[in-house]
Structure formats: structure tokens, C-alpha cells
Amino acid sequence: MGKFLKKHYIMAPGPTPVPNDILTEGAKETIHHRTPQFVSIMEETLESAKYVFQTKNNVYAFASTGTGAMETAVANLVSPGDKVIVVVAGKFGERWKELCQAYGADIVEIALEWGDAVTPEQIEEALNKNPDAKVIFTTYSETSTGTVIDLEGIARVTKEKDVVLVTDAVSALGAEPLKMDEWGVDVVVTGSQKGLMLPPGLALISLNDKAWELVEKSRSPRYYFDLRAYRKSYPDNPYTPAVNMIYMLRKALQMIKEEGIENVWERHRILGDATRAAIKALGLELLSKRPGNVVTAVKVPEGIDGKQIPKIMRDKYGVSIAGGQGKLKGKIFRIAHLGYMSPFDTITAISALEFTLKELGYEFELGAGVKAAEAVFAKEFIGE
Ligand code: PLP
């Protein structure tokens, strides 16, 4: 960047920026985990996690990643040969499918175009055709396509039926409205490095009584991921917990509580709206047919080398966004509005995107995207 120093901005959908107040918690002395002091920290932390999941059920947190939380769900709910319905509309839906294959499930796949969102009607139809399905695996926010599903509507369909609804909220938790108990979502899984504003390294899972019935019956092999051990030792952890990550989680949850979960969801919605207003003003097209609060996926314009966009933004301007995953590699780029982010993060990302697109020869009026994003924020900041 020549004469300018290169500050770094993470604008990818995970890991997301970690606030200093959380980082410094992680730097505190590691205490022994089998002490009343630590068990009390663990209890406070797991109890306050319930607020973010909007549940009265226990939340379990252990060292792993989002995928570990997903595997925990599959290993504990699915026995070999069990029929399951899996929605595949992106990379993380594919992951559910691969996990279910690994555990020998009989898979009914709802395969959609990447960028489409499964509807409650499609779920109902699949259930009517497969009344013996035991579990449905969904992705609340499909990070690979920037798409959010109508989870509340889907839960309305599954609530009265003899099927367990599992959702991957790895990128959705703390960004998309989620009311686990009120909506009747049976299992929610997540990871630490997204809406929770933490580094990667923790998996979190919560499940209700309907799901626990399957956990008791599951014949799948499991050991570290056996939820029965976590329930037995709650709020303690059966193995050595990630002590410093728990300190950090406690702080993150305090921050979310202070802001108020509804305000956190609303902040994400506004950042998403501003990002999409900018994209539209630049004459670019969204990939998703049902975009959400987490990340905006944008089609690479004709004649532009898609792989160059995240590369130039990162190497020249210090702004890390994400490219496409799997079959979308080179075809889209993704700008996150997730976790510890404010309007000025979004404006920075749009500005760096504009300089990058100009360099790559895309034609538009410099500043058009920033102007459109600012117009969305102006309504919030100064009421015009
Ligand atoms: N599911 C979704 C929706 C995600 O966005 C991610 C992470 O990018 C994962 C699952 C996997 O999480 P991890 O990479 O922490 O294992």
C-alpha cells in the first residue's frame, strides 16, 4: 500500500474480530479446573450461554470447533441405518451429509441450488414422504452462500411431529434471531469464532428433552463427544476444559447481555442491509435468494478474475474477506457483517472493495457503494 501503513481488518465470516476486552480475559492466569473457583466460572458461563440460545436447556461447551459440535449432534442422535433428512444448499449442508454418511445413516437429501433457502413446505413434503425419518439436519445460516432459512417456520412444521430438528447455527448464533425454546428447535450447534466474537476452539451445543430421547437410544460409537458424560458432570466438564477460552466466553456473553440480544440481532441486520445496498449501488448481484444478517455473497462480475478480489483486498488494503467455497470458488466473494463489527467496519470493507474493483477494470463510479452504505447508516445515526 505504498506510503500507508497496513492495518488489518477481518471481514470474513469467521474467525471474526475479537474485542480487546475478551482477548485480555484469555491472558489471565490459568487456574486448575477441578476447583470450586473454576466450576463456579463454568456454571456462570454456561448459564449465561442459555440467554444467547434463548433456551432453558443446558448448553454444553467443550474444546473443538463448529464441526465438532456438528459431529456431536450426529453421533448422539443417529444410529447406523436410521433415516435422516438432510438439507444441502451449500458447503455446510454438504458437511451434514458427509457426517451422516460417516455414521451410516440412511439419508434423504433435499438438494437445492446453492443460494436457495429450504422452505417449511419443502420440509413438510419430505416428512410426509418419509414419516419414519428420525432427524432433520438444517443450516440456519449457510455461510458459503450467505443464505438464511426460515427456521421459525420450519420448527412450526417439525414441532408436533416425531422428528428431531437440528440446526447448524455456527455462523447464525448471535447474528440471526434465534429463539430455541419458543420456536421449538430441538438441537442447536455452534462454534466460538463467529457471532460469539472469540477465537476458534470451542464447540457449543444445546438440546431439549425430545432430542435427549434419541441420545439415550443412539447406538453410534462416541467417547469424547458423548453428551451423556457432559450432562452427568454439568456444569463441570468431564475432561480438561479450555480454561482460558471459558474466561473469554464468559466475557463475550457478558458483552452480549449488556448490548441485549435483540439489539445484537438488529445491529447485524442493519450491517447486512448496508452491505447489500452498497453492492446493489455498485451494479453487482447477490448470490443468495434469501440473504441474511451474517454474510453477503456477491457474484463476481463478468470479465473479472474472481480470485483476485479477496487477494488484492487482503494483500494491498489489509481487508480480509472470503472467496467462494467448493463449487463457488472464483465465482463469488463474501463480505461478513458478523460478530464484533460496526458500521465503520462495513464502510471500510466497501471502500477497499471499490478500490480493488477499479484496479481490476470493473466500471462504476468510485464512492457509489460507500454512499449507499452511508445512506443506510445515516438513518440510524442522524435520522435522515
Ligand atoms: N457450519 C457453518 C455454517 C460454518 O460457517 C462453519 C465454519 O465456517 C462450520 C459449520 C464449521 O465450523 P468449524 O470450521 O469451526 O469447524
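The values are calculated or read from the model by the stated rules, or taken from the named source; none is laboratory data. Fair warning: this is a prediction, and the values are worked out from it, not measured in the lab. Virtual Cβ from ideal backbone geometry, glycine too; neighbours counted across all protein chains shown.
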remark   = Taking region 128-174 and keeping only residues that are among the small types (Gly, Ala, Ser), touching a Ser or Thr at 6+ places or on another chain (Cβ under 8 Å) and within 11 Å of the ligand (Cβ to nearest atom), one is left with Ser141, Gly146, Ala169, Ser171, Ala172
task = Just give me the residues in region 122-146 being over 22 Å from Leu204 (Cβ atoms) and either touching a residue at least 60 places away in the same chain (Cβ under 8 Å) or not assigned by TED's automatic domain parsing to the domain that holds Asn76 (or both), in sequence order.
result = Lys134, Thr145, Gly146
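Let's see how each residue does on (1) closer than 25 Å to Ser40 by Cβ; (2) in contact with a helix residue (DSSP H, G or I) (Cβ under 6 Å, 6 or more places away or on another chain); (3) within 16 Å of the ligand (Cβ to nearest atom):
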{"position": "Glu176", "(1), (2), (3)": "no, no, yes"}
{"position": "Glu182", "(1), (2), (3)": "no, no, no"}
{"position": "Gln193", "(1), (2), (3)": "no, no, yes"}
{"position": "Ala211", "(1), (2), (3)": "no, no, no"}
{"position": "Lys217", "(1), (2), (3)": "no, no, no"}
{"position": "Arg222", "(1), (2), (3)": "no, yes, no"}
{"position": "Ala229", "(1), (2), (3)": "yes, no, no"}
task = Considering only region 81-91, state which residues are within 15 Å of the ligand (Cβ to nearest atom) and surrounded by 24 or more Cβ atoms within 10 Å (Cβ to Cβ).
result = Val86, Val87, Ala89, Gly90
key: All positions within region 7-37 that are surrounded by 11 or more Cβ atoms within 10 Å (Cβ to Cβ), more than 16 Å from the ligand (Cβ to nearest atom) and under 28 Å from the mean Cα position of the chain (by Cα)   = Tyr9, Pro19, Asp21, Ile22, Leu23, Thr24, Glu25, Gly26, Lys28
task = Could you please give the count of residues in region 38-59 that are within 24 Å of Met180 (Cβ to Cβ) and buried (at least 17 other Cβ atoms within 10 Å of the Cβ)?
result = 14
query = Looking at region 123-139, is at least one residue among the basic types (Lys, Arg), farther than 30 Å from Ile261 by Cα and over 20 Å from the mean Cα position of the chain (by Cα)?
reply = yes
query = Do we find a residue being of a type outside the set (Val, Ile, Thr), under 21 Å from Asp236 (Cα atoms), away from the ligand (no atom under 12 Å from the Cβ) and at pLDDT 95 or above anywhere in region 73-80?
reply = yes
ask   = modelled with pLDDT of 95 or more, of a type in the set (D, E, K, R) and more than 22 Å from the chain's Cα centre (by Cα): does that describe Asp209?
value = yes
note = Output for Cβ contacts, cut-off 6 Å, separation at least six or different chains, first residue in the same structural domain as Glu213 (by TED's automatic domain parsing) in region 65-94, second modelled with pLDDT under 95, reads Lys91/Gln325; Lys91/Gly326
ask   = Are any residues in region 108-149 basic (Lys, Arg) and surrounded by fewer than 19 Cβ atoms within 10 Å (Cβ to Cβ), and if so, which ones?
value = Lys129
task = Please find, within region 294-329, the residue that is nearest to Ala169 (Cα to Cα) out of those that are part of a loop (DSSP other than H, G, I, E, B) and in contact with a Leu (Cβ under 8 Å, 6 or more places away or on another chain).
result = Val294
inquiry  = Among the residues of region 47-72, what is the count of those that are more than 19 Å from Met248 (Cα to Cα), within 13 Å of the ligand (Cβ to nearest atom) and not polar (S, T, N, Q)?
reply    = 3
inquiry  = What are the pairs with Cβ atoms under 8 angstrom where one residue, in region 235-263, is small (Gly, Ala, Ser) and the other, located anywhere, is part of a helix (DSSP H, G or I)? Sequence gap at least six, or different chains.
reply    = Ala252/Ile22
remark   = Taking region 335-347 and keeping only residues that are outside any strand (DSSP E or B) and either crowded, with 19+ Cβ neighbours inside 10 Å or not hydrophobic (A, V, I, L, M, F, W, C) (or both), one is left with His337, Leu338, Gly339, Tyr340, Met341, Ser342, Pro343, Asp345, Thr346
Flag if Ile332 is surrounded by 15 or more Cβ atoms within 10 Å (Cβ to Cβ), under 26 Å from the mean Cα position of the chain (by Cα) and within 28 Å of Leu112 (Cα to Cα) = yes
remark   = Quick count over region 314-327, residues being touching a residue at least 40 places away in the same chain (Cβ under 8 Å), on the phi < 0 side of the Ramachandran plot and under 23 Å from the mean Cα position of the chain (by Cα), is 7
query = Of Glu160, Glu182, Glu152, which residue is touching a residue at least 60 places away in the same chain (Cβ under 8 Å), outside the structural domain of Gly272 (by TED's automatic domain parsing) and surrounded by fewer than 24 Cβ atoms within 10 Å (Cβ to Cβ)?
reply = Glu182
